[in-house]
Structures are given as structure tokens and as C-alpha cells.
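Working notes, structure below.
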Amino acid sequence: MESMRDINRVMEREIAKGSCHLKLDHIEFGDYSYQEITSKEKLMEVLSYLLRIGDFKQYAGKTILNNVYMDLRGKKPIFKRTRTAVERNNIFATIRRYAKKLKPQYNGDVYLETVRCYFDIPQENLGKCRYTYQGNETYAFPMSDKYIMALYTHCLVTRKAVATQGVQIKGFTEKEYGMVRLENVGDVLFQALLWDRTKREGQILCTDFCSIFIL
């Protein structure tokens, strides 16, 4: 992976070309963060939901093009955006084969982690993103592919850094704390940054960074 200095330089160049000046502010865990996946069928359902395919294809709006998904190239994970449902179905098939190789037991060893990522935009830049759509005032946040992938890298690096920071979350079990610290996490089966779930609070944007862990 490129150094964060190189990633930030890419972001600066993309901002100069017109990408929105959005930056990761922080990530948060909560009572929504851990969901046990108790069967192969439930795993397929979760994957289908994250990829917006099958029974969940109705959730595949225009902003799904900004989502970042984990795929595999050989045994190496790669992260990318998709343009079509065919691409997302291909990722589903690849991850399903990968899960078969990992042979999870579904006895407390498979979890979906959801971390909320909060992004900030300077007030002076927020005004440039305001526009009128069908008579209503709203916002658009244009970002190039390189900029979106750079933000994904920031989320990934920040999530890994939290593992060593001794974060305390009220109500978490010791097992959940172990996952926060990435202890006993044998494999990451899948990851996704879901920009199509983004919510805006003033000049702060919040979206979900999801990982499926095999413990």
C-alpha cells in the first residue's frame, strides 16, 4: 500500500481538479457494531445486502457507484468501485468461493462489524456543493475515483490504528472488545465502504464501513 503521505498528495491533486474537499474526521463504534452471522444462508444474505444484489437489488440507487468493495485477485484482496450489477454479482461469487475455502463453523466465529466513519468538509467548500434539485436546495459532493479510493484507505488505516488505542465502548462484551482490537481475527472475508448509506449532519457526513470477520 502506498504511504499515507503519497495518498494525501493524490487527494490534494484531485481537489485541485475539482473533487470535493472531504476528509475523514473520526470513526465510531456503538451498539450497532457487531452482528453474529449464524449460518451460511445468513452470510449469503448479508453479502447480498452489502452488494445490493438479489433480494436487495432495489437498494441499488445511483450513489451505489461510489461504494468501495473488496474483491480478490488470486489470493490478494483488492478494493474497487463497481459500475454494474454484473460486477457486484461477480464479487459475490468470488467471496462465496473464498468463504467455502475458509470453512467457517458458524458457532460464534463469523461476525459483521459496522463502523461509522465521519467526514468533514470546510465551511467555505460546503457552499460550493450547494445546488437546487427539483426546486429543493440540496448538496452534491463530487469526488473522483482516486479521491474516493484515498478516503477508503484513510478509513482502513484508521480502523487498524484503533486496534492499538485501547478504545472503550459502553456495553461491549470481552469478545467484542477482542474484535475491536482485532484479536483472534483470522481472516477478513469481505469489506465495504457504503457511500450509498451516507447521512449528512450540517457539514459532517457519516457512512458505514463494514467488515466480515472469521475468528
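Among the residues of segment 98-107, just one is at positive phi and surrounded by 11 or more Cβ atoms within 10 Å (Cβ to Cβ), namely Y106. For segment 153-174, a tally of residues being surrounded by 15 or more Cβ atoms within 10 Å (Cβ to Cβ) and among the basic types (K, R) returns 1. Within segment 181-206, being modelled with pLDDT of 95 or more and among the β-branched types (V, I, T) holds for one residue alone: V188.
Could we say that E113 is in contact (Cβ under 8 Å) with a residue 12 or more places away in the chain and of a type in the set (D, E, K, R) here? Taking the combined requirement at face value, the residue satisfies it. With respect to the conditions (1) touching a Lys or Arg at 6+ places or on another chain (Cβ under 7 Å); (2) loosely packed, with under 14 Cβ neighbours inside 10 Å, T38 falls short on a single one, namely (1). Summed over segment 65-97, the residues that are of a type in the set (S, T, Y), farther than 18 Å from I214 by Cα and surrounded by 13 or more Cβ atoms within 10 Å (Cβ to Cβ) give a count of 1.
Please pick out the residue among K57, K62 that is among the charged types (D, E, K, R) and either free of Cβ contacts under 8 Å to residues at least 12 places away in the same chain or surrounded by 15 or more Cβ atoms within 10 Å (Cβ to Cβ) (or both). That would be K62, the only listed residue that is among the charged types (D, E, K, R) and either free of Cβ contacts under 8 Å to residues at least 12 places away in the same chain or surrounded by 15 or more Cβ atoms within 10 Å (Cβ to Cβ) (or both).
Could we say that F190 is part of a loop (DSSP other than H, G, I, E, B) and under 14 Å from T114 (Cβ atoms) here? Against the criterion (part of a loop (DSSP other than H, G, I, E, B) and under 14 Å from T114 (Cβ atoms)), F190 does not qualify.
Name the residue that is farthest from D25 (Cα to Cα), counting only residues in segment 201-215 that are surrounded by 15 or more Cβ atoms within 10 Å (Cβ to Cβ) and of a type outside the set (A, V, I, L, M). If you could, list the steps in order and put the result at the bottom.
Taking segment 201-215 and keeping what is surrounded by 15 or more Cβ atoms within 10 Å (Cβ to Cβ), we get 203, 205-215.
Restricting the remaining residues to those that are of a type outside the set (A, V, I, L, M) gives 203, 206-211, 213.
Working: Q203: 11, C206: 10, T207: 12, D208: 14, F209: 14, C210: 18, S211: 20, F213: 25 Å.
The selected residue is F213.
The residues of segment 18-35 that are in contact with a helix residue (DSSP H, G or I) (Cβ under 9 Å, 6 or more places away or on another chain) and either exposed (fewer than 13 other Cβ atoms within 10 Å of the Cβ) or over 23 Å from L151 (Cβ atoms) (or both), listed by number, are H26, Y34, Q35.
Taking G135 as the residue in question, decide whether it is small (G, A, S), at pLDDT 95 or above and over 21 Å from C20 (Cα atoms). Criteria not met by G135. If I filter segment 175-200 down to residues being among the aromatic types (F, W, Y) and in contact with a strand residue (DSSP E or B) (Cβ under 9 Å, 6 or more places away or on another chain), which single residue comes out as surrounded by the most Cβ atoms within 10 Å (Cβ to Cβ)? In this case the residue turns out to be F190.
Here is a yes/no grid of residues against (1) within 25 Å of K76 (Cα to Cα); (2) β-branched (V, I, T); (3) without any contact (Cβ under 8 Å) to a residue 24 or more places away in the chain:
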residue: M149; (1), (2), (3): yes, no, no
residue: V162; (1), (2), (3): yes, yes, no
residue: E183; (1), (2), (3): yes, no, yes
residue: R197; (1), (2), (3): no, no, yes
residue: E201; (1), (2), (3): no, no, yes
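Taken over segment 151-187, the criterion of being assigned to a loop (DSSP other than H, G, I, E, B), of a type in the set (K, R) and farther than 21 Å from L24 by Cβ is satisfied by K170 alone.
The values are calculated or read from the model by the stated rules, or taken from the named source; none is laboratory data. None of the values given here were measured: they were computed from a predicted structure. Quick reminder, even Gly has a Cβ in these numbers, built from the backbone with ideal geometry, and neighbours come from all protein chains shown.
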